């Protein structure tokens, strides 16, 4: 059975009279992965921020399990939606443990300290992302991939139903790109992420939302969205779309940039 | 300034050791002063009856309130500094940055320079009102504006601080010399004013503010990464930050009103404490408070004994010891 988990309905977001997101509608089904792709400046990150209420919508609505998101209070939303943003620096000497522990906040009343269950939960999350040995290391001294995994561990501790990630594979080498994505896929959550690499998107996303200048150009199953015409139209680059013989998913091979 | 290792051992053990250190400091520091009492008589006074009635007066009416006030002032300033640094994610934040001392100074100046018969309110009360006034200006400026950025909070504080100090200087410049001197000495900080009446104000404010901050400790921790990340954890960031600012302001204002300007404690102590106790709010706040309290108790001992028969303003000493020690620590970090 397919259940609509998170849905955007005619979402628009303007700032200083400039239209950043224009009339975007799409839905993420329970347990699936939706990738948001598009050129730089298309509004991918802004759209994500509209979904988790960091941007106040100019018009339109976001629904969580078919209920308008603004009917939930902040804490309720935090129990259902976790966000892994782009964070590469932390103040002071924040350790991995300090950050992962923050995931408990929506579940805690005032003055409530960590129980032994919480401690087990933190250790379990850290071992899921393979950071247990770095538990007390300072966040700023971690590599990019480790920082990303640390933030994912925080999201795991937050126990959400939906995970929103902004460019989770940014600045990572090819091994870490796949490592990060397979870790989050294993969690079995509804996953919405922006992603640059179309081949990664093809491999890991069930649906793709193609965004250009704040508008939806295509929203469909991944193999229906990615074709040579639309990629040339939006990214201005010639390419060949065929099948990746190893993963059996779509493969995009690029020619050089088309400067004409 | 990034030290890659964070020294770890049981936090409760460390806090316990600190508490023992605090108790020792409180008792030992009572032995110092113009009148030579000796530890035996101090100990006898604490555990039993004093040898001579004069000791009773010196110890319980003069030294004890002063030592306790020193501890509370150090505790409040250091804890407020720790709280401010955490909620602004800025290692330079200090309760003094938000115009609290400048406001208290202006209040004190206004009340101190009025003719005797017009002095309806005492200097501490005027200073307290001045401090609250300064913080309200900072908060109001920020409320009207889009104040999602931490830097605005710091900049507004600095601006208000300079504005109020300018008023103070202006009034002092034209003020009557004797009254001006009184105010200037007050601004340098002293614990000599401490008595049971002032303690009856300071104790409840410091205790209730510390408890309030500890109640929200976990929420405050969320601010350590970024405002946006805190919001995704269900925190109302703007409200929480104003709340923290008000707690700091109340705690600092009550200390400044009775003790005058004691600089550098709020800035320095959290930096010293952080490598040993970590930087999450509850641990940092408590340990900074205890270390700050100890520090000020001993600074006051220096203030009242270093020049025989005379007292040095405590604010002068905290600034000297504080900055030298701070530079030393920074070199080693």
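Condition check: in contact with a strand residue (DSSP E or B) (Cβ under 9 Å, 6 or more places away or on another chain) and closer than 20 Å to residue B:237 by Cβ. Does residue A:159 satisfy that? Show your work before the answer.
Values: in contact with a strand residue (DSSP E or B) (Cβ under 9 Å, 6 or more places away or on another chain): yes; closer than 20 Å to residue B:237 by Cβ: no.
Answer is no for this residue.
When region B:32-65 is examined, which residues are found to be under 18 Å from residue B:293 (Cβ atoms) and in contact with a helix residue (DSSP H, G or I) (Cβ under 6 Å, 6 or more places away or on another chain)?
The answer is B:32, B:65.
Restricting to region A:221-252, name every residue that is touching a helix residue (DSSP H, G or I) at 6+ places or on another chain (Cβ under 9 Å), outside any helix (DSSP H, G or I) and under 27 Å from residue A:32 (Cβ atoms).
A:226, A:239, A:241, A:244, A:247, A:249, A:250, A:251, A:252
Residue under question is residue A:36, and the condition is that it be crowded, with 17+ Cβ neighbours inside 10 Å, over 19 Å from residue A:83 (Cα atoms) and either touching a helix residue (DSSP H, G or I) at 6+ places or on another chain (Cβ under 6 Å) or at pLDDT below 90 (or both); does it hold? Can you show your working first?
Working: crowded, with 17+ Cβ neighbours inside 10 Å: yes; over 19 Å from residue A:83 (Cα atoms): no; either touching a helix residue (DSSP H, G or I) at 6+ places or on another chain (Cβ under 6 Å) or at pLDDT below 90 (or both): yes.
Criteria not met by residue A:36.
Among the listed residues A:158, A:203, identify the single one that is touching a helix residue (DSSP H, G or I) at 6+ places or on another chain (Cβ under 7 Å) and either crowded, with 18+ Cβ neighbours inside 10 Å or over 18 Å from residue A:129 (Cα atoms) (or both).
Numbers: A:203 fails: touching a helix residue (DSSP H, G or I) at 6+ places or on another chain (Cβ under 7 Å).
Going through A:158, A:203 in turn, just one is touching a helix residue (DSSP H, G or I) at 6+ places or on another chain (Cβ under 7 Å) and either crowded, with 18+ Cβ neighbours inside 10 Å or over 18 Å from residue A:129 (Cα atoms) (or both): A:158.
Condition check ((1) surrounded by 22 or more Cβ atoms within 10 Å (Cβ to Cβ); (2) farther than 30 Å from residue A:235 by Cα; (3) modelled with pLDDT of 90 or more) across all residues:
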residue	(1), (2), (3)
A:58	no, no, yes
A:78	yes, yes, yes
A:88	no, no, no
A:95	yes, yes, yes
A:110	no, yes, no
A:124	no, yes, yes
A:139	yes, yes, yes
A:142	no, yes, yes
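Do any helices (runs of 4 or more DSSP H) entirely within region B:132-225 hold 1 or more residues that are surrounded by 15 or more Cβ atoms within 10 Å (Cβ to Cβ) and at pLDDT 90 or above, and if so, which? Please lay out each step first, then the result.
On the way: elements: B:150-174, B:177-188, B:196-215, B:217-222.
Qualifying helices (runs of 4 or more DSSP H): B:150-174, B:196-215, B:217-222.
From B:320, B:265, B:291, B:297, which residue is away from chain A (no Cβ under 14 Å), at pLDDT 85 or above, within 18 Å of the chain's Cα centre (by Cα) and surrounded by fewer than 16 Cβ atoms within 10 Å (Cβ to Cβ)?
Numbers: B:265 fails: surrounded by fewer than 16 Cβ atoms within 10 Å (Cβ to Cβ); B:291 fails: surrounded by fewer than 16 Cβ atoms within 10 Å (Cβ to Cβ); B:297 fails: surrounded by fewer than 16 Cβ atoms within 10 Å (Cβ to Cβ).
None of the others qualify; the one that does is B:320.
Could you tell me which residue of region A:99-109 is farthest from residue A:137 (Cα to Cα), considering only residues that are within 22 Å of the chain's Cα centre (by Cα) and at the interface with chain B (Cβ under 9 Å from one of its Cβ atoms)?
A:106
Determine if region A:124-139 includes at least one residue that is under 24 Å from the mean Cα position of the chain (by Cα), facing chain B (nearest Cβ under 7 Å) and closer than 24 Å to residue A:194 by Cβ.
No; the residues of region A:124-139 include none that is under 24 Å from the mean Cα position of the chain (by Cα), facing chain B (nearest Cβ under 7 Å) and closer than 24 Å to residue A:194 by Cβ.
The values are calculated or read from the model by the stated rules, or taken from the named source; none is laboratory data. If you're wondering where the values come from, they're calculated on a predicted model, not measured in any experiment. Cβ coordinates were reconstructed from backbone atoms using ideal geometry, including for glycine residues, and neighbour counts include every protein chain displayed.
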